[in-house]
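Notes for the one structure printed next.
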Amino acid sequence: MAFELPDLPYAYDALQPYMSKETLEFHHDKHHLAYVTNGNKLAADAGMSETPLEEVVKASHGSNAGLFNNAGQHYNHIHFWKWMKPGGGGSSLPASLESKITADLGGFAAFRDAFIQAGMTQFGSGWCWLALKDGKLEIMKTPNGENPLVHGATPLLGCDVWEHSYYIDYRNARPKYLEAWIDNLANWDYAAELFEAAS
Ligand code: MN3
């Protein structure tokens with residue numbers, strides 16, 4: 001299936017002041033579009049134009065770096081736009097996911113610390129994640145376009161720590177971006193939806 005750039009599920013200025021209109025214009029209209037355009041070319045070259053996206057990500061991992069990087073980033077960004085919402089964040093989570101976080105990660109505060117720490121310590125470009133693996137929640141971090149799918153896990157919530165996601169609004173202050181993201185933008189309803197689907 002050809003990759004297509006999805007519309008943002010909110011207005012470009014809807015996440016202000018935590019993520020600016022300018023950041024979303026560049027991030028969605030330029031960066032994500034480039035992954036779609038390049039991914040389509042490379043998928044066609046690999047004979048995978050009709051292959052579902054998750055299969056392309058898994059099949060190209062370790063064997064076709066160009067395709068993997070673009071398909072992985074396309075997958076990650078499709079979800080990233082939905083992993084944020086105006087008025088998001090905070091510690092009030094859907095009950096099923098909240099009790100799972102308490103059981104597996106020691107509670108919301110411990111989760112928040114570990115998630116931010118993973119994002120801060122991802123050296124260079126990449127992502128930090130809340131993922132479900134073998135029925136248990138885990139905090140993960142991955143470089144570049146990699147994601148939990150290629151580690152046998154299901155991503156439930158992911159934050160983009162490439163500089164293009166925060167440099168306009170936070171300059172080099174990645175920790176400030178991560179705190180603002182988890183406290184004010186994270187869409188727990190979407191994370192809970194993915195958790196229910198994976199459980
Ligand atoms: Mn990005």
Return the only residue of Leu67, Leu97 being open to solvent by less than 70 Å² (accessible area, probe 1.4 Å), closer than 17 Å to Ala186 by Cα and more than 16 Å from the ligand (Cβ to nearest atom). Leu97
Residue check, Gly88 touching a strand residue (DSSP E or B) at 6+ places or on another chain (Cβ under 6 Å) and within 16 Å of the ligand (Cβ to nearest atom): no
Those residues of the stretch 1-12 which are open to solvent by less than 80 Å² (accessible area, probe 1.4 Å), more than 16 Å from Asn76 (Cβ to Cβ) and at pLDDT 95 or above amount to Tyr10, Ala11, Tyr12
Of all residues in the stretch 45-64 being within 16 Å of Ile78 (Cβ to Cβ) and open to solvent by 30 Å² or more (accessible area, probe 1.4 Å), the one that is nearest to the ligand (Cβ to nearest atom): Leu53
So Ile78 passes all but one of these: (1) in contact (Cβ under 8 Å) with a residue 60 or more places away in the chain; (2) of a type in the set (A, V, I, L, M); (3) surrounded by 20 or more Cβ atoms within 10 Å (Cβ to Cβ). Which condition number does it fail? (3)
Search the stretch 169-179 for residues being surrounded by fewer than 20 Cβ atoms within 10 Å (Cβ to Cβ) and touching a residue at least 40 places away in the same chain (Cβ under 8 Å), and hand back the single one that is farthest from the chain's Cα centre (by Cα). Asp169
What do you reckon, is Gly152 out of contact with any helix residue (DSSP H, G or I) (no Cβ under 6 Å at 6 or more places or on another chain) and within 13 Å of the ligand (Cβ to nearest atom)? no
Which of the residues that make up the stretch 18-44 are free of Cβ contacts under 8 Å to residues at least 12 places away in the same chain and open to solvent by 70 Å² or more (accessible area, probe 1.4 Å)? Lys21, Lys30, Lys41
Would the stretch 160-168 turn up any residue that is open to solvent by 40 Å² or more (accessible area, probe 1.4 Å), touching a strand residue (DSSP E or B) at 6+ places or on another chain (Cβ under 8 Å) and within 15 Å of the ligand (Cβ to nearest atom)? yes
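The values are calculated or read from the model by the stated rules, or taken from the named source; none is laboratory data. Predicted model only: the values in this text are computed from it and were never measured. As a convention, Cβ positions derive from the backbone with ideal geometry for all residues, glycine included, and neighbour counts pool all protein chains shown. The accessibility values were calculated without ligands, DNA or RNA, using every heavy atom of the protein model including side chains. Shrake-Rupley method; radii C 1.70, N 1.55, O 1.52, S 1.80 Å.
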